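Trainee: The structure is given below, and queries will be raised subsequently.
The values are calculated or read from the model by the stated rules, or taken from the named source; none is laboratory data. None of the values given here were measured: they were computed from a predicted structure. Note: ideal-geometry Cβ built from the backbone for every residue, glycine included; neighbour counts use all protein chains shown. With ligands, DNA and RNA removed, areas are computed over all heavy atoms of the protein, side chains included. Shrake-Rupley method; radii C 1.70, N 1.55, O 1.52, S 1.80 Å.
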Amino acid sequence: MTEYVIIGDGISGSSAAETLREEDPESSITVITDEGEALYNRILIKEHAKGKLPEAPISIHEEDWYEERDIELSLNTHVTGVDTDEKVVHTHEGDEIGYDKLLIATGGTPTQLPVDGSDAEGIHHFWTFQDARKIRESAEEAEKGVIVGAGLLGIDFAAVCGAQGVEGKYLMRGDRWWRYALSGEGAEIMHEGMRDVGVEPVFDSGVDHFETDDDGQVVAAVDPNGDRYECDFAGVAIGLTFNTEYLGDIDLEQDNGIVVDQYMQTNLEDVYAAGDITRFYDVLLGEQAQNGSWGSAKEQGRIAGVNMAADDEAEEFEWVSSYSITHFDFPFLSFGHPTLGDDHAERKYSDTEWRRIAFKDGKVVGGVLIGDLAPQSKLKQLMREQRVVADQKEVLLEETVDLDDLAPPQEQ
Amino acid sequence: MATTTSTGRSLTLRRVDSVAPDATVRHIDQLDDRSLELFYAALEGGRRLTATGTDLEPGTVVVATGYYRVEAA
Ligand SMILES: Cc1cc2nc3c(=O)[nH]c(=O)nc-3n(C[C@H](O)[C@H](O)[C@H](O)COP(=O)(O)OP(=O)(O)OC[C@H]3O[C@@H](n4cnc5c(N)ncnc54)[C@H](O)[C@@H]3O)c2cc1C
């Protein structure tokens with residue numbers, strides 16, 4: 001009987017556990033998490049923080065889900081070390097859990113701003129359900145908010161401020177939101193969305209330090225220009241630090257994330273990784289890449305489970321990830337790797353419609369659609385087919401994309 | 001979690017303001033590609049969507065630019 005141990009009960013770890021049970025009914029499966037609750041819907045906790053969604057629908061698995069599948073779930077258990085020679089996992093309580101095959105699915109933790117006052121009361125980071133509960137409580141009481149981090153997670157704080165009636169200032173270091181993927185025209189649509197919900201983007205800003213009162217509560221953020229923004233609520237989302245510290249000095253290949261191949265195998269035998277924490281070989285891109293999205297993490301967990309159970313390279317991870325922003329009147333979808341590539345095409349169609357497509361070696365590798373998402377499935381199809389189309393940008397930028405208008409694929 | 005629906009029945013989307021604690025709620029990024037495409041087509045065109053080939057079940061609330069309850073047409 002094979003003993004599988006999974007560290008992390010996020011969507012990647014949980015999906016691996018489910019797959020392992022299906023693929024290897026006789027095995028022993030242990031899932032370890034340092035959170036106090038079983039798998040929940042991390043991409044819906046922002047709706048709870050906004051005050052729009054009750055807690056119950058956010059839960060995905062009750063504890064009996066694991067019992068029914070004969071999966072051992074260890075809640076509130078922090079893994080402190082892994083010995084890959086002895087094949088043992090150490091926990092904070094001093095327990096040792098042996099494994100035949102190990103899956104590392106521990107994701108990341110939001111990075112704290114390295115500035116004075118950043119640990120004050122009222123300053124929030126956003127990753128867990130517990131964070132969401134605290135953010136909701138704090139935002140309900142707050143009048144003025146400051147948001148830092150001009151990316152996909154920062155904008156959730158802007159939405160929380162908007163929904164909770166907190167007057168927000170969104171302090172951005174550059175001249176626009178998500179400058180790695182959006183040009184000024186695309187970003188301006190997002191800025192308007194923020195303004196519509198009562199959050200003002202502030203450019204060429206950021207936070208130099210936070211001011212606190214005698215009780216340690218945040219009262220203001222001061223930006224590098226010396227401008228002071230009063231606040232009793234702050235949201236910081238400047239990036240993720242991957243949870244790898246417990247891996248100590250084992251010989252696991254890492255490169256800002258755990259390096260895996262398309263089968264989710266690390267460089268160490270019988271050690272796999274899945275989810276946000278991986279730097280995986282992307283077969284569509286032809287190089288190592290990272291995804292930070294729910295669908296991708298779920299699929300990586302499934303693929304890891306299939307290959308662990310098969311003890312073979314049975315199925316490879318081939319995936320076009322999607323990430324939506326749902327906070328405004330218009331839809332927003334980013335797919336694939338919109339910030340990578342060597343070429344791009346973009347167009348604005350109206351005050352709320354914009355499109356960008358990223359290419360690498362002539363092939364679609366990602367994009368961002370704002371306002372009109374109709375072309376998303378066709379663009380993803382082109383990405384999956386790895387068709388060389390960068391020489392036909394006009395067809396791809398037509399308001400209605402018709403793949404029949406593309407020249408037939410060349411033999412490659 | 002919702003499972004794949006294989007019937008040919010039609011579904012409609014109704015915008016809702018609140019969600020009951022016992023509702024099944026899914027974020028739009030949890031839909032598979034086909035469901036996502038049909039969902040947005042239904043939203044923009046006000047058309048019905050067929051359940052065939054989607055993983056949408058009546059009663060599910062989908063969180064998109066608003067909250068939309070999937071209902072049998
Ligand atoms: C606020 C927010 C909004 C998001 N919105 C979207 C969205 O709209 N669309 C989208 O596609 N994606 C979104 N994401 C990203 C998405 O949630 C993640 O990509 C996905 O959940 C990653 O899953 P994972 O299993 O890899 O990691 P995680 O969900 O982070 O799970 C890792 C688990 O491991 C545990 N762990 C870590 N270290 C240890 C240890 N040493 N011992 C024991 N347990 C440990 C952690 O506590 C955690 O429970 C959002 C994320 C957040 C936080």
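Trainee: I'd like the full set of residues that are within 8 Å of another protein chain (Cβ to nearest Cβ) and open to solvent by 20 Å² or more (accessible area, probe 1.4 Å), limited to region B:35-67.
Mentor: B:GLU37, B:ALA41, B:GLU44, B:THR65
Trainee: I've got another one for you. Give all pairs with beta carbons closer than 6 Å in which a residue from region A:288-306 that is in the same structural domain as A:THR278 (by TED's automatic domain parsing) and farther than 22 Å from A:SER324 by Cα meets a residue that is at pLDDT 95 or above and of a type in the set (Lys, Arg); count only pairs at least 6 apart in sequence or on separate chains.
Mentor: Qualifying pairs under 6 Å: A:GLN288/A:ARG279.
Trainee: Considering only region B:7-42, how many residues are away from the ligand (no atom under 16 Å from the Cβ), farther than 20 Å from A:HIS48 by Cβ and not in a strand (DSSP E or B)? It would help to see each step written out before you state the result.
Mentor: First, pick out the residues of region B:7-42 that are away from the ligand (no atom under 16 Å from the Cβ): B:7-24, B:34, B:37-38, B:41-42.
Now drop any that are not farther than 20 Å from A:HIS48 by Cβ, which leaves B:7-14, B:34, B:37-38, B:41-42.
Then drop every residue that is not not in a strand (DSSP E or B), which leaves B:7-9, B:34, B:37-38, B:41-42.
Counting residues in region B:7-42 that are away from the ligand (no atom under 16 Å from the Cβ), farther than 20 Å from A:HIS48 by Cβ and not in a strand (DSSP E or B) gives 8.
Rundown of residues vs (1) open to solvent by less than 40 Å² (accessible area, probe 1.4 Å); (2) within 11 Å of the ligand (Cβ to nearest atom); (3) under 19 Å from A:GLU47 (Cα atoms); (4) polar (S, T, N, Q), yes/no style:
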site: A:GLU96; (1), (2), (3), (4): no, no, no, no
site: A:LYS101; (1), (2), (3), (4): yes, no, no, no
site: A:ALA105; (1), (2), (3), (4): yes, yes, no, no
site: A:THR109; (1), (2), (3), (4): no, yes, no, yes
site: A:ASP119; (1), (2), (3), (4): no, no, no, no
site: A:THR128; (1), (2), (3), (4): yes, yes, yes, yes
site: A:ILE135; (1), (2), (3), (4): yes, yes, yes, no
site: A:GLU141; (1), (2), (3), (4): no, no, yes, no
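Trainee: Something else: Which condition does A:THR326 not pass, out of (1) within 16 Å of the ligand (Cβ to nearest atom); (2) more than 18 Å from the chain's Cα centre (by Cα), if it passes all the others?
Mentor: Single failed check for A:THR326: (2).
Trainee: Could you check A:GLN288 against (1) within 23 Å of the chain's Cα centre (by Cα); (2) open to solvent by less than 30 Å² (accessible area, probe 1.4 Å); (3) away from the ligand (no atom under 16 Å from the Cβ) and say which number it fails?
Mentor: (2)
Trainee: Is one or more of the residues making up region A:375-384 more than 14 Å from every other protein chain (Cβ to nearest Cβ) and out of contact with any Pro (no Cβ under 9 Å at 6 or more places or on another chain)?
Mentor: No - not one qualifying residue is present in region A:375-384.
Trainee: Please work out which residue is farthest from A:ALA163 (Cα to Cα), limiting yourself to region B:21-34 and to residues that are at the interface with chain A (Cβ under 8 Å from one of its Cβ atoms) and of a type in the set (A, V, I, L, M, F, W, C).
Mentor: B:ALA23
Trainee: Can you find a residue that is assigned to a loop (DSSP other than H, G, I, E, B), open to solvent by less than 20 Å² (accessible area, probe 1.4 Å), more than 19 Å from A:VAL283 (Cα to Cα) and small (Gly, Ala, Ser) anywhere in region A:371-388?
Mentor: Yes: one or more hits.
Trainee: Give just the number: which of (1) polar (S, T, N, Q); (2) touching an Asp or Glu at 6+ places or on another chain (Cβ under 7 Å); (3) not assigned by TED's automatic domain parsing to the domain that holds A:VAL218 does A:GLN164 not satisfy?
Mentor: Evaluating A:GLN164 over (1) polar (S, T, N, Q); (2) touching an Asp or Glu at 6+ places or on another chain (Cβ under 7 Å); (3) not assigned by TED's automatic domain parsing to the domain that holds A:VAL218 leaves (3) as the failure.
Table: residues versus (1) over 30 Å from A:ALA390 (Cβ atoms); (2) crowded, with 19+ Cβ neighbours inside 10 Å; (3) charged (D, E, K, R).
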| residue | (1), (2), (3) |
| --- | --- |
| A:GLU245 | yes, no, yes |
| A:ASP255 | no, no, yes |
| A:ALA310 | yes, no, no |
| A:ALA314 | yes, no, no |
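Trainee: Tally up the residues in region A:70-90 that are more than 8 Å from the ligand (Cβ to nearest atom), in a strand (DSSP E or B) and surrounded by 14 or more Cβ atoms within 10 Å (Cβ to Cβ), please.
Mentor: Summing the residues that are more than 8 Å from the ligand (Cβ to nearest atom), in a strand (DSSP E or B) and surrounded by 14 or more Cβ atoms within 10 Å (Cβ to Cβ) in region A:70-90 gives 9.
Trainee: Ok, one more. Scan A:ARG355, A:ARG347 and give me the residue that is assigned to a strand (DSSP E or B), buried (at least 20 other Cβ atoms within 10 Å of the Cβ) and modelled with pLDDT of 95 or more.
Mentor: Matching residue, one of A:ARG355, A:ARG347: A:ARG355.
Trainee: Same structure again: Of the numbered conditions (1) over 18 Å from the mean Cα position of the chain (by Cα); (2) near the ligand (Cβ under 6 Å from one of its atoms); (3) open to solvent by less than 20 Å² (accessible area, probe 1.4 Å), A:GLY13 satisfies every one except a single condition; which is it?
Mentor: It fails just one condition, (1).
Trainee: A:ILE258 is checked against (1) more than 16 Å from the ligand (Cβ to nearest atom); (2) farther than 19 Å from A:VAL365 by Cβ; (3) of a type in the set (A, V, I, L, M) and fails just one. What number does that condition carry?
Mentor: Looking at each condition in turn, A:ILE258 falls short on (1).
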